[in-house]
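Participant: Here you go, one structure.
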Amino acid sequence: MKEPAPVDITVIIPCYNDGIYINDAVNSVLHQSLLPEKIIIIDDGSDEDTLQILKKIQSPLVQIIYQENTGVCGARNRAIKEATTSLILTLDADDYFEQTFIEKAYQVISTQEKIGVVCSYYEGFRTNGALTAVIKPLGGQVHNFLVQNNGVASALFRKSCWEAVNGYDVSFDKGYEDWDFWISILKNDWEMHVIPELLFKYRIKDKSRDQIAVALYNKELKMKIYDKHKDVYLEYIDRVYAQLIFKNQESMKNIVKLKNSKEYVLGNFILSPLKYFKNKLNS
């Protein structure tokens, strides 16, 4: 039986000193039930050990770009710019997809015009193989992304969406770049579809960029997202209130404080003295 031809997808894998994991990521793509047109690995200034591993990767689908370190946003942007396909699939070098992800994601995005991004449920795992939690992001429209990131960084999206928002914002060099990227896309009336299956595996390291972002820069980065997308927060203020109320009791306490404070606080997320909030509460 003849195998299906590769589809109009380029897989983008930024790599920075992840040589010990990169083959797992690449092989998870090469063994997909539906293959992409190309895999671009963008090495972002890795050490010699990783470079030697990259040089041993042999596949006609794989292109490797080497550059000085620019960070994950700059690396992704350069590789996506090189891509000639209309669809882009991002994958970090230490994670991997289950065998049918591309087939199922392509089926969605190629048949539903409103869908700009497709991801799936995913499972965290540690380097020793121990599984952690199953994560079921909501996806959907932009209002689902204002209190927390309801997507996942490794996802299939239209290159035209990336072009419309000028790519990943390189100023998010400390983290949350994917959260900002999804808001930027979805506020242009696109939707994110989440396949309700465990089709992606996310590696949890003892020390990772995401963990550092949460531990050291959480408030700073959330404020940065709010400042950049303030128009969307104002448009969906009632939905933000509702999400915070149902998220946890502490958020409810903060909203109560909002009614009696001159310095208005929106949950544990937004810290901004906007008269708009007071007007909404008194209306």
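Participant: Give me the one-decimal nm value for the distance between modelled label points at residue 133 and residue 100, 7 Å along each residue's Cα-to-Cβ direction.
Facilitator: Computed distance between label sites residue 133 and residue 100 equals 2.7 nm.
Participant: Scan around residue 63 for amide H atoms under 5 Å from its own, H built in the peptide plane at 1.01 Å from N, and keep only partners 5 or more places away or cross-chain.
Facilitator: 39, 40, 41
Participant: Here's something else I'd like to know. For region 1-149, what ratio Rg/Rh do Cα atoms give with a Kirkwood hydrodynamic radius?
Facilitator: On the Cα set of region 1-149, Rg over Rh gives 0.96.
Participant: For a quick size check, give me the Cα extents of region 1-85 along its three principal axes, largest first, whole Å.
Facilitator: If we take the Cα atoms of region 1-85, the spans are 43, 25, 15 Å.
Participant: Take the Cα atoms of region 90-136, find their three principal axes, and give me the spread along each one in whole Å, biggest first.
Facilitator: Computed over the Cα atoms, the extents are 40, 20, 16 Å.
Participant: Whole-Hz ³J(HN,Hα) for each residue in region 126-138, computed from phi via Karplus 6.51 cos²θ - 1.76 cosθ + 1.60 with θ = phi - 60°, x for glycine and proline: what do you get?
Facilitator: 8, 4, 7, x, 5, 7, 10, 10, 8, 10, 10, x, 6
Participant: Quick one: with all protein chains in place, what share of the accessible area of region 81-182 is carbon or sulfur, to the nearest percent (1.4 Å probe)?
Facilitator: Numbers: 1900 of 4180 Å².
The value for region 81-182 is 45 percent carbon and sulfur by accessible area.
Participant: Follow-up question, since we're still on this one. Using a 1.4 Å probe and counting only protein heavy atoms, arrange 156, 51 so the residue with the most accessible area comes first. Let's see the in-between values first.
Facilitator: Numbers: 156 5, 51 35 Å².
The ordering from most to least exposed comes out as 51, 156.
The values are calculated or read from the model by the stated rules, or taken from the named source; none is laboratory data. Keep in mind that what you see is a predicted model, and the values were worked out from it rather than measured. No Cβ is skipped: glycine too gets one built from the backbone with ideal geometry, and neighbour counts run over all protein chains shown. These area figures cover heavy atoms from the full protein model, side chains too; ligands, DNA and RNA do not enter into them. Shrake-Rupley method; radii C 1.70, N 1.55, O 1.52, S 1.80 Å.
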